[in-house]
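First up is the structure itself, then whatever we jot down about it.
Read-outs: derived from the displayed coordinates by stated rules, not from any lab. All values reported here derive from a predicted model rather than from experimental measurement. Note that each Cβ is placed from the backbone with ideal geometry, even for glycine, and that neighbours are counted across all protein chains shown.
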Amino acid sequence: MTRTRKRWIQVVAILAFLAVAGVVRQARSADVPPGWTTDLPKAQAQAVETGKPVLVMFSAVWCAPCTIIKKDVFPKEQVQAEFKNWSPVYIDEADDPTTTEKFKIEGFPTFVMLDAAGKEMDRFLGAPPEMSFLKGLRAVRSMPAAREQVAKLPDEAKAWKSLGDAHFNLIEVADSPEKSQMRIEEATRAFERAAFLDPKNETGAAAYPYYLKALPRKMEDLAASLEKLDKFEAMFPKSELLGEVFFYRAVISRDLGEKDKALAVLKEAVERFPKSDYFEAYKKLEMEIKGGA
């Protein structure tokens, strides 16, 4: 092979590599959600000016859950409205490994929330359903004000209820079982304090500690948990938790092999709570149970 031919082959190989790299970069660029930036320092500077916290999504081009949440959750109207309260940043681990390593990202997607000063407020791991994601983002934003309100008004039931709500809405999006358990304990303490300060239960806080303690921690708890949740409505007939309680009654009934009861609970839930945040979950669970019957 002549020297000229060898050089030509090397040039072709280099050009092919650059072309493939360019296609990959274009693909990753196309992955960036509309309205998001890939420039974290710029977003942090904007946060200082606007006072909006920074929402950072760490992603990867091969990450299926990342694609799912961007496709199924991000476009929803309420989620788009919530994003306006943040300075959103999209980081692809291949494009910015330094930032990915700096934040000790161990899985994708990971969402990290930073305050205007750059301090981490919280983080989520995985692709939660729409309402869990939405409530989680709202809870992160509301947590500082809720804590401040409790510090100012330690004998105000509503302040403790708000703090409990913030912790409660972060349980499902916690990035580890340990953090989830911590949220449960924090929420329970806040709700119990609110209930103590509100003997007439005008805030509705009394239902939450009962509900959180009724949820099963392991498979052996399922039957006892279902019994407690079955009694929930009689104890708290006006609770805002009823829609959620019905969902978990159906889930636990299914897991205990009581499919007919699970379907009956879901049928009642669909009829009674058409505006519940869990309405879509009712229908999806119903389809899963019928499909596996």
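Remarks
- FRET E, pair W62, K231, Förster distance 45 Å, beta-carbon r, rounded to 0.05: 0.45
- One way to sum up the overall shape of the stretch 128-200 is the equivalent ellipsoid from its Cα gyration tensor, whose semi-axes run 22, 13, 10 Å, largest first.
- In this simple spin-label model, placing a label point 7 Å from the Cα along the Cα-to-Cβ direction at both K76 and F196 gives a separation of 3.6 nm.
- Rel. contact order, % - alpha carbon contacts under 8 angstrom, at least six apart, the chain: 11 percent
- Length released on extending from A45 to K238, taking residue separation times 0.36 nm less the Cα-Cα span: 64.9 nm
- Proximal charge balance of A174 [Cβ under 13 Å; K/R count +1, D/E count -1]: -2
- Net charge dipole, the stretch 128-200: roughly 220 debye, given to the nearest 20, about the Cα centre with Cβ charges of +1 for Lys and Arg and -1 for Asp and Glu.
- Prolate/oblate/rounded call for the stretch 157-257, Cα gyration tensor, a/c under 1.5 rounded: oblate
- Per-peptide average of other Cβ atoms within 10 Å, ordering 124-133, 230-239, 163-172 highest first: 163-172, 124-133, 230-239
- Distance between the 7 Å Cα→Cβ label points at D255 and E178: 2.3 nm.
- When its C-alpha radius of gyration is set against 2.2 N^0.38 Å (N residues), the chain gives a value of 1.25.
- Summing charges over neighbours of A157, with a neighbour being any other residue whose Cβ is under 13 Å away from its Cβ, gives -2 when K and R count +1 and D and E count -1.
- Principal-axis analysis of the Cα atoms of the chain puts helix 259-272 at an angle of about 90° to the longest axis.
- Label-reachable residues, the stretch 244-277, where backbone N falls under 13 Å from a point 7 Å from A223's Cα toward its Cβ: 256-258
- Equivalent ellipsoid semi-axes, the stretch 32-127, via Cα gyration tensor eigenvalues times 5, rooted, Å: 19, 17, 11
- For the stretch 198-263, alpha-carbon Rg relative to the globular expectation (2.2 N^0.38 Å, N residues): 1.14
- Where only DSSP H runs of four or more residues are counted, the chain gives -19500 deg cm²/dmol as its mean residue ellipticity at 222 nm, each run worth -39500 (n - 2.57).
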